[in-house]
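Here the structure comes first, spelled out in structure tokens, and everything after it is commentary.
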Amino acid sequence: MRIAMVHFLAGVREGGTENIAKNLARELVDLGHDVDIYTNKGDASFPEGTTMRKMPYIWMPLRHLRYLSMIFFFSLFAALNILFRRYDIVHGFFYADSYLPFVAAKLTRKKIVYTFGGVLDKEAKTGKLADKCVALASAIKDVYEKLGVREIEIIPNGVDTARFVRDENARKEIRGTLRLYDRLTMLTVARPDEIKGPGMLASIIEKCPDVNFLLVGISEAEPLKSMNAKNAIKLGKMGNEDAKKYYSAADCFLLTSRSEGMPTVLVEALSSGLPVIATKVGGVPDVVDHRVGFLIEQDPTKAAALINRLAKEKATLDDMRGACRAKAVKNYDWKILAKKYEELYRDVIGGKNV
């Protein structure tokens, strides 16, 4: 199959649906398909074997128009390319940049697939143009079905289980360097965004003085940025490869988000054998069950009580490690998920062997 993936941020940053597009592209290429990724100009890396089609950007002098112009001109140039190139599937991941390419695909009778990365009402209009939509979790599917989108299949977010695996040497080195000793160590990896719950996280840290907290990315958000708690180790922003080693150093992963789709960090934690404590939002309940972690409400007092209890019962978390790794390998490995997408593509194009 010839597949066009459309994501204007895939060339600019890591995370979210950008990583979904790139991981899926890598596996589809390994399965023998031709994959073009339409994206904006940037420094992000791409899987070997994919063709990067970086669309031109027309600079706008008015600051508040630059983001809108970036999306518009990207979408316009991507649509013109898709209009005149042969593809079996056009696959989009973000409502604003996919709309015009989808219109171009429809005009030339190309088949369209759209992945809902989260929950945003505006995505429904773009999703309705697709022949088939993908939701990362059941809660996301329910939202868009109520908004009138049909033909939605659930395929979860994934992880490269060969890369995200517990590394005992990295664990020993980091725990020694950071002087974590034998104390319970929690890890949070999230962008510095209010929706990721930095206020709740700060409150939990204050209520758990005998627990270490490793903070990647989210430490740049207030009130975490200003807090001086000795048990909060602020690691700042870093790339995925640098962040990966901290999954091995920690004992448990903590997610305090107020809203989510299906976070990549959850399956990265599970693949690394790391139990999870996460707020019960979005697609999180699809991932976290009693065998691999704990679901919590937006209540820092109760969350802190759970963490303080686990600090005294660390064997509970040790007993979960095997189940975490097994669940990731069975359900979230990208090699498995890519075959599900491949089957979905074939179904959309009528089962043709292309």
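A few comments on the model shown:
- Top-ranked residue of segment 294-303 - restricted to ones that are buried (at least 19 other Cβ atoms within 10 Å of the Cβ) and touching a residue at least 40 places away in the same chain (Cβ under 8 Å), ranked as farthest from VAL276 (Cα to Cα): PRO300
- When residues of segment 344-354 are limited to those that are in a helix (DSSP H, G or I) and of a type in the set (A, V, I, L, M), the one farthest from ALA250 (Cα to Cα): VAL348
- Any hit, segment 148-165, residues being modelled with pLDDT of 95 or more, within 30 Å of PRO300 (Cα to Cα), surrounded by 19 or more Cβ atoms within 10 Å (Cβ to Cβ) and out of contact with any Leu (no Cβ under 9 Å at 6 or more places or on another chain): no
- Residue count for segment 7-57 satisfying the condition of being small (Gly, Ala, Ser) and surrounded by 22 or more Cβ atoms within 10 Å (Cβ to Cβ): 4.
- Figure legend. Inter-residue proximity from segment 72-90: first residues over 11 Å from ARG109 (Cα atoms), second residues of a type in the set (D, E, K, R) and in a helix (DSSP H, G or I), beta-carbon distance below 7 Å, spacing 6+ or different chains. Indicated pairs: PHE74/ASP97; SER75/ASP97.
- From the options GLY217, GLY236, GLY261, residue that is of a type outside the set (Phe, Trp, Tyr) and surrounded by fewer than 16 Cβ atoms within 10 Å (Cβ to Cβ): GLY236
- Among residues of segment 114-134 being in contact (Cβ under 8 Å) with a residue 60 or more places away in the chain and hydrophobic (A, V, I, L, M, F, W, C), the one that is nearest to TRP334 (Cα to Cα) is VAL134.
- In the set (1) in contact with an Asp or Glu (Cβ under 8 Å, 6 or more places away or on another chain); (2) in contact (Cβ under 8 Å) with a residue 60 or more places away in the chain, VAL281 fails one condition alone, (2).
- Qualifying residue in segment 307-324 (condition: under 17 Å from LEU201 (Cβ atoms) and surrounded by fewer than 18 Cβ atoms within 10 Å (Cβ to Cβ)): yes
The values are calculated or read from the model by the stated rules, or taken from the named source; none is laboratory data. These numbers come from a predicted model, not from an experiment. We place every Cβ from the backbone using ideal geometry, glycine too, and count neighbours over all the protein chains shown.
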